[in-house]
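The numbers here are math on the coordinates, done by the rules we state, and not lab data. None of the values given here were measured: they were computed from a predicted structure. Note that each Cβ is placed from the backbone with ideal geometry, even for glycine, and that neighbours are counted across all protein chains shown.
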Amino acid sequence: MPWSRSVLRFPPRRQILLASRPFRYRHGRFWIEGVPWEGVVESLGTPVLIYSRERLLSNIASLEKTAKALPIPVRIHAALKACTLPGIATILREAGLGVEVMSEFEYQLSRKAGFTPGQMVVNAPAKARAFLDRAVAEKVALLNVESEEELEVIDALGRRIGAPVRIGVRVNPPLGREPPRGFGGRGSKFGFDIDSGDARRAVKRAASLPGVELMAIHCHAWTRQYAPRRYLAGVRPVLRFLAEVEREIDRRIPWIDLGGGFGSRNLLEASGRRIADFLGPLGEEIRGLGGHRELLLEPGRYLLNDAAVCIGQVLTRKRNARRHWVLTDAGSHILPLRDNVEYYAAPAQLNRGSQRFCIGDALCIPSGVLPGSFALGEIRSGDSLVIFNCGAYTFSLAQHFGGLAPAVALVEGDTWRLLFRRRSPDEWLRWIEDQRP
């Protein structure tokens, strides 16, 4: 049996990860598009993040195709927080997407990548005053408000410049205190709860202020969602609230900003679902509200997560009690082990047989086990591992704890280029020395 076909003995989720283009095995050797794994590793070392341009554009196209089939207009603003690499941001812009930012750093990065303020949605439970001043002065497409104090500040800024600021009000549906895969929950730091009456008061206040133009109701209720019914169950209370509050203020709020929260495309499709299973029913329910409506989406994980892998080197093996461990240099300082990670690992070079093991890192913290670990055949110290689903919330959350941010490469067909150069310890220490007063 060819090594690439032997992958099919593993569960379908891993089958999708290993068998689908542009990540695939050819004669037991891992390839990213037309580049073998060692073609990058020999130049950049490990650990290294490798993005596939083909996969990223495919993810964008799948979302845009679904959006165009809906009965309402859809604006897609990629969540920059998922990956703060300028090279990736440029690809998102060139593909025709807008961008969602949460800080002045992300705002400036987006500008350098070529986005205009009119392509930007600004979110954050709190925003520095200098950032608010800039966002208002440069006229971002939408500024989502999450506190009463912030609403009054933005109103004052709008009156000062003589032009109302386009805002949305973030609301939280009644999902319970700690909903499964929910974002926030009752009484969280985000937005205004619907069931407490705070959301209604905030919307009415916004509608009465001359310095703002109430354009949107914003809700980001889920993270890593794979169940369309659960997703829609969280959205419906928001749509009911919107219809009720519009009657009370006697004004239509034309935009419905539902953020992101969709799972990784490869895992979604491995489960037999498509993004259309979420957006198709959603579009019909929004159309049922009547009048001109536009849907805003802010995807991050769906676009980026399965578009990159991390390749790390096995530093040592060990057995402790009943666990077989493989310890790698691809540590939790670059692959955060949060509750919502979706990493899966396999050797970069497949061998005969099968073996399961626990993957850990080399850091002196109880960072847990990388989930979904398996190998085909013997794995030795010095071998390389491919870790899938590393495109979102890895580089942007990388820490200088026990190591430095990894090099990042982008594969384009049969070539690759550097997106971020890993600094050596000497370079980093010299930089620190230079900061002394």
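Calculate the dipole size of region 54-304 relative to its Cα centre from +1 charges on Lys and Arg beta carbons and -1 charges on Asp and Glu beta carbons; express the result in debye to the nearest 20. Provide the component values of the computation, followed by the final result.
Values: 38 positive and 30 negative charges, 82 e Å.
About 400 debye.
Amide H neighbours of residue 315 under 5 Å, counting only residues 5+ apart in sequence or on other chains, H built in-plane at 1.01 Å?
327, 328, 329, 382
Taking the inverse of the average 1/r across all pairs of different Cα atoms in region 195-246, what Kirkwood radius in Å do you get?
It is 12.6 Å.
Have a look at 423, 224, 93 and tell me which one the Gaussian network model of the chain (Cα, springs below 10 Å) gives the largest fluctuation.
Largest GNM mean-square fluctuation: 423.
Just one of (i) 69, 58, 43; (ii) 68, 64, 55; (iii) 61, 55, 43 is Cα extents along the principal axes in Å calculated from these coordinates, so which is it?
Calculated Cα extents along the principal axes in Å: the matching label is (i).
Mind giving me the FRET efficiency for residue 104 and residue 414? R0 is 60 Å, r the Cβ-Cβ distance, nearest 0.05 is fine.
0.95
Could you list which residues have their amide H under 5 Å from that of residue 222, counting only those 5 or more apart in sequence or on another chain, with H placed in the peptide plane?
Excluding prolines and chain starts, which carry no amide H, the hits are 183.
Please list, short to long, the whole-number percent of alpha-carbon pairs of region 54-304 in consecutive 5 angstrom bins beginning at zero.
1, 6, 14, 18, 20, 18, 13, 7, 2, 0, 0
Taking the simple approach of a point 7 Å from Cα along Cα-to-Cβ for both residue 65 and residue 426, what is their distance in nm?
Taking the simple label geometry, residue 65 and residue 426 are separated by 5.1 nm.
For region 267-326, build the charge dipole from Cβ charges (+1 Lys, Arg; -1 Asp, Glu) around the Cα centre, then report which of 307, 275, 320 sits farthest towards its positive end.
320
Dipole of region 283-326, Cα-centred, from +1 at each Lys and Arg C-beta and -1 at each Asp and Glu C-beta, to the nearest 20 debye? Don't skip to the end; give the middle numbers.
Values: 8 positive and 5 negative charges, 169 e Å.
Taking the Cα centre of region 283-326 as origin, the dipole is about 820 debye.
Please arrange 359, 72 by how many other C-beta atoms lie within 10 Å of their C-beta, fewest to most.
72, 359
Using a 10 Å cut-off around each Cβ, can you sort 361, 426 from fewest to most neighbouring Cβ atoms? Don't skip to the end; give the middle numbers.
On the way: 361 25, 426 8.
By the 10 Å Cβ count, ascending, the order reads 426, 361.
Assign unit charges at the C-beta atoms only (+1 for Lys and Arg, -1 for Asp and Glu), then state the dipole size of the chain relative to its Cα centre in Debye, rounded to the nearest 20.
Values: 62 positive and 46 negative charges, 256 e Å.
In total the dipole reaches around 1240 debye.
Can you figure out the FRET efficiency of residue 244 with residue 57, using R₀ = 45 Å and their beta-carbon distance, to the nearest 0.05?
That gives a FRET efficiency of 0.65.
Pairing rule first: another cysteine's C-beta must sit under 4.7 Å. Under that rule, which cysteines of the chain stay single?
Unpaired cysteines in the chain: 83, 219, 358, 364.
Can you work out the FRET efficiency for the pair residue 365 and residue 232, with r the C-beta to C-beta distance and R0 = 35 Å, to the nearest 0.05?
Working: r = 39 Å, r/R0 = 1.12.
For R0 = 35 Å, the calculated efficiency reads 0.35.
For a quick check: sort 91, 217 by the number of other beta carbons within 10 angstrom, fewest at the front.
If I rank by nearby Cβ atoms, fewest first, I get 91, 217.
Measure off 7 Å from each Cα along the Cα-to-Cβ vector at residue 252 and residue 324, then give the distance between these two points in nanometres to one decimal.
Using points 7 Å along Cα→Cβ, the separation is 6.4 nm.
Please list the non-local residues whose amide H lies under 5 Å from the amide H of residue 409, H modeled 1.01 Å from N, same-chain partners needing a gap of 5 or more.
49, 50, 51, 419
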